[in-house]
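To start, the structure itself, in structure tokens.
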Amino acid sequence: MRKLLLPIIAIAAVLLVLGSMLIGPYNRLVDLSQDVDKAESDIDVNLQRRLDLIPNLVETVKGYAKHEEDVFKSVADARSKLAGATQNGTIKEKSEANAEMTSALGRLIAISEAYPELKADTQFTGLRDELAGTENRIAVSRRDYNDKATEYNKVVKRFPGSIVAGLTGFRERDLFKSDSAAQNAPDVNFDTNSKDSN
């Protein structure tokens with residue numbers, strides 16, 4: 001009986017030591033995963049803020065530029081896509097929808113260059129400034145998310161975190177990337193005091 005008890009105690013001791021060695025990395029993965037989730041939520045909050053500003057901006061521009069229907073449609077389509085991605089999309093889908101929305105908004109804001117009276121409208125300038133502030137918040141949120149996701153991904157890939165991650169189902173997280181179309185977005189001049197080059 002004693003011969004059986006000794007191997008059982010040795011196995012239990014080894015399992016206890018291994019288990020205690022895995023608790024730290026596991027808890028770190030949990031903490032980092034929660035940080036990534038919160039950072040993604042911050043992106044969603046800022047994307048929603050931008051979505052809420054868009055209808056007022058579109059209506060203001062429509063008052064001056066009724067014949068720019070294709071631009072209004074592209075903004076509406078991009079807004080709808082971003083709203084869907086924000087609600088239940090992956091970070092990649094959010095990133096792609098955000099790039100499409102940025103491009104559509106750039107075209108909408110660019111309309112103001114052709115309509116001096118629109119550029120002078122206080123509601124338009126106020127909405128444009130709010131939108132610019134929101135764009136800055138989105139950029140900060142994306143950077144924060146990518147920092148948190150990178151830190152988490154490092155733990156998921158490095159030893160001993162890779163073992164714990166593999167055993168407990170933690171997977172690498174996607175980074176928030178700009179869509180290649182975002183690199184071709186039109187230039188938007190937010191300076192209402194710019195002078196014509198004539």
When you scan segment 169-198, how many residues do you find that are under 20 Å from Glu40 (Cβ atoms), modelled with pLDDT of 50 or more and assigned to a helix (DSSP H, G or I)? 0
Suppose the filter is in contact with a Ser or Thr (Cβ under 8 Å, 6 or more places away or on another chain) and hydroxyl-bearing (Ser, Thr, Tyr); does Thr168 pass it? no
Taking Gln34 and the conditions (1) surrounded by 15 or more Cβ atoms within 10 Å (Cβ to Cβ); (2) within 29 Å of Asp144 (Cβ to Cβ); (3) of a type outside the set (Val, Ile, Thr), which numbered condition does it fall short on, given that it satisfies the others? (1)
When you go through (1) surrounded by fewer than 17 Cβ atoms within 10 Å (Cβ to Cβ); (2) among the charged types (D, E, K, R); (3) at pLDDT 85 or above one by one for Glu40, which number turns out not to apply? (1)
For segment 1-28, the count of residues that are open to solvent by 100 Å² or more (accessible area, probe 1.4 Å) and in contact (Cβ under 8 Å) with a residue 60 or more places away in the chain equals 2
Would you tally the residues in segment 43-87 being farther than 19 Å from Pro116 by Cβ, open to solvent by 20 Å² or more (accessible area, probe 1.4 Å) and small (Gly, Ala, Ser)? 5
Pairs under 6 Å by beta carbon, first residue more than 18 Å from Glu40 (Cβ to Cβ) and touching a residue at least 40 places away in the same chain (Cβ under 8 Å) in segment 66-88, partner exposed (fewer than 13 other Cβ atoms within 10 Å of the Cβ) and of a type outside the set (A, V, I, L, M, F, W, C), six or more apart or different chains? none
Flagged in segment 141-173 as open to solvent by 80 Å² or more (accessible area, probe 1.4 Å), of a type outside the set (Lys, Arg), closer than 23 Å to Lys94 by Cα and in contact with a Phe, Trp or Tyr (Cβ under 9 Å, 6 or more places away or on another chain), in numbering order, are Glu172
What number of residues in segment 13-66 are more than 16 Å from the chain's Cα centre (by Cα) and within 30 Å of Ala120 (Cα to Cα)? 15
Answer residue from segment 81-115, given it is in contact with a Lys or Arg (Cβ under 6 Å, 6 or more places away or on another chain) and among the polar types (S, T, N, Q) and is nearest to Val36 (Cα to Cα) among those: Ser95
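The values are calculated or read from the model by the stated rules, or taken from the named source; none is laboratory data. Bear in mind the structure is a predicted one, so any value in this text is a computation, not a measurement. Here Cβ is always computed from backbone atoms with ideal geometry, including for glycine, and neighbour counts include all displayed protein chains. Ligands, DNA and RNA are excluded from the accessible area calculation, which covers all protein heavy atoms including side chains. Shrake-Rupley method; radii C 1.70, N 1.55, O 1.52, S 1.80 Å.
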